[in-house]
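Enquirer: Here it is, the structure, as structure tokens.
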Ligand SMILES: [Mn+2]
């Protein structure tokens with residue numbers, strides 16, 4: 001028997017619909033996307049490779065928006081590409097629930113990859129996605145346990161009707177018992193968690209408020225016996241060894257592929273000799289033409305849909321050139337969106353944000369303009385709040401800006417560890433001023 005074994009683990013996450021290396025706002029070429037990832041996988045995969053994707057793939061760009069609108073006319077293009085790339089495992093992320101559970105379940109049925117998730121249950125206490133983990137045995141090699149895990153924070157975001165009768169269990173508590181159980185049966189444990197880190201990896205200082213959304217730090221600091229920890233959700237690019245665990249987070253939209261190499265040696269049992277975690281960046285690779293042709297039918301139909309003209313800009317200039325000034329001065333497009341929301345919701349006051357990057361509208365408004373500007377079109381909610389609560393909302397929101405040497409700047413909290421300019425809301429239906437010379441909590445006039 002050969003007493004050495006080399007294992008390679010390749011992973012992606014947070015693809016958000018980016019199959020093609022294309023920015024749908026203007027069809028310009030970008031250096032990320034599954035079509036590029038495909039060439040990385042072809043180059044790096046060997047016979048002892050596990051390939052996984054750990055979620056947030058179905059929502060986030062116009063192609064998948066178009067698909068979910070026309071789900072009965074086209075097979076899911078992402079599922080087609082998953083099957084072409086031959087993924088072994090999939091772990092659902094929070095955004096994979098955004099178009100309803102049936103949409104996610106259709107995707108899961110269509111992919112050849114096995115879906116793993118150990119902390120989401122139905123009301124009968126059965127695993128919602130059937131398989132909590134998998135034990136994989138390579139011929140002449142170690143037994144590998146692969147555990148799927150998803151952020152339990154989903155009920156804080158999701159439309160309640162999409163997740164009714166679903167129980168999300170604390171990821172840390174759930175994993176603790178799964179690892180304990182699995183440890184006796186396997187030589188090596190891979191945790192694939194659609195969630196991120198609540199603390200700095202090296203200093204262990206908290207950098208986000210610990211709400212339970214991200215529990216990666218608590219997990220790697222407290223649960224013994226995790227050999228590989230694949231994280232996601234924060235769109236960060238991480239490859240490190242911490243407390244003996246190899247840690248990966250591969251950015252978003254296929255910017256990079258996580259690659260972990262493990263060398264084993266057999267001495268009465270399988271011993272890990274070395275572990276290495278790296279990120280293979282997509283900007284050094286070309287697109288795989290096969291992926292492009294695999295989804296060409298729906299892509300053509302989607303492009304026609306996006307170019308459909310649906311209106312004109314008559315008065316204001318609704319192009320957005322500078323994101324900072326668009327937020328600081330509340331660009332007219334924000335007020336336009338609020339007017340539309342007010343008309344359809346019949347509410348008194350409307351709030352909207354701008355996503356991290358937007359184009360705004362050209363003179364002839366197309367569907368493409370709208371979807372590139374109003375990207376979170378999945379949910380519009382109407383809430384009843386008191387004036388006091390509204391004031392607190394505005395104050396919280398005003399923390400987006402800080403003042404340095406008399407100049408307004410963006411509070412770093414909104415771009416580190418994750419870009420979240422979309423958390424700055426702008427209101428219509430009320431008049432308010434933000435006085436940046438005042439401290440947080442006392443700025444709204
Ligand atoms: Mn996520």
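Throughout, read-outs are computed from the coordinates displayed, never taken from laboratory work. The structure presented is a predicted model; accordingly, all values stated were derived computationally and were not measured. Cβ placement follows ideal geometry from the backbone for every residue including glycine, while neighbour counts extend to all protein chains displayed.
Enquirer: Given only helices, namely DSSP H runs of n ≥ 4 each adding -39500 (n - 2.57), what is the per-residue ellipticity at 222 nm of the chain, to the nearest 500 deg cm²/dmol? Let's see the in-between values first.
Expert: On the way: 12 runs with 112 residues, N = 445.
Theoretical 222 nm ellipticity from helices: -7000 deg cm²/dmol.
Enquirer: Where a ≥ b ≥ c are the square roots of the eigenvalues of the C-alpha gyration tensor, would you call the range 308-428 rounded, which needs a/c under 1.5, or, failing that, prolate if a/b is larger than b/c, or oblate?
Expert: Numbers: a/c = 1.89, a/b = 1.24, b/c = 1.53.
Here the range 308-428 falls in the oblate category.
Enquirer: A further question on this structure: Going by the alpha-carbon gyration tensor, a ≥ b ≥ c the square roots of its eigenvalues, is the range 1-117 rounded (a/c under 1.5) or, if a/c is not under 1.5, prolate (a/b greater than b/c) versus oblate?
Expert: Oblate is the answer for the range 1-117, as a/c is 1.5 or above yet b/c matches or exceeds a/b.
Enquirer: Stick to the Cα atoms of the range 120-259, pair each with every other, and give me the Kirkwood hydrodynamic radius in Å at one decimal. Mind dumping the intermediate values first?
Expert: Working: mean 1/r = 0.0628 Å⁻¹.
The answer is 15.9 Å.
Enquirer: Output the 0 to 90 degree angle, nearest 10, between the alpha-carbon long axis of helix 171-183 and the longest principal axis computed from the alpha carbons of the chain.
Expert: 10 degrees
Enquirer: Relative contact order (percent) for the chain, with alpha-carbon contacts under 8 angstrom and 6 or more residues of separation? Let's see the in-between values first.
Expert: Details: 896 pairs, mean separation 69.0, N = 445.
Relative contact order, the chain: 16 percent.
Enquirer: Can you put 149, 315, 354, 342 in order, fewest other beta carbons within 10 Å first?
Expert: Details: 149 31, 315 6, 354 24, 342 15.
Listed from fewest to most nearby Cβ atoms, that is 315, 342, 354, 149.
Enquirer: Continuing with this model, one more query. Sort 14, 283 so that the residue with the fewest other Cβ atoms within 10 Å of its own Cβ comes first and the one with the most comes last. Please report the intermediate quantities before stating the final value.
Expert: On the way: 14 26, 283 11.
Starting with the residue having the fewest Cβ neighbours, the order is 283, 14.
Enquirer: Okay, moving on. Taking the Cβ-Cβ separation of residue 407 and residue 381 as r and a Förster radius of 41 Å, what is the calculated FRET efficiency to the nearest 0.05? Before the final figure, lay out each step's value.
Expert: Numbers: r = 35 Å, r/R0 = 0.85.
It comes to 0.75.
Enquirer: Using Cα atoms only, what is the angle between the long axis of helix 296-306 and the major principal axis of the chain, expressed in degrees (0 to 90) to the nearest 10?
Expert: The helix 296-306 is inclined about 20 degrees to the chain.
Enquirer: Just rank 373, 366, fewest to most, by other beta-carbon atoms within 10 angstrom. Intermediate values should be presented prior to the final figure.
Expert: Working: 373 24, 366 17.
Starting with the residue having the fewest Cβ neighbours, the order is 366, 373.
Enquirer: Rg to Rh for the chain: what is it, with Cα atoms only and Rh by Kirkwood? It would help to have the intermediate numbers written out before the result.
Expert: Working: Rg = 23.1 Å, Rh = 23.5 Å.
Ratio of gyration radius to Kirkwood radius for the chain: 0.99.
Enquirer: Enter the angle in degrees (range 0 to 90, nearest 10) between the Cα long axis of helix 332-345 and the first principal axis of the Cα atoms of the chain, meaning the one along which they spread out most.
Expert: The two axes meet at around 90 degrees.
Enquirer: Round to the nearest 0.05 the FRET efficiency obtained for residue 344 and residue 166 when R0 = 25 Å and r is the Cβ-Cβ distance. Show your work: numbers first, answer last.
Expert: Details: r = 29 Å, r/R0 = 1.14.
Efficiency at R0 = 25 Å is approximately 0.30.
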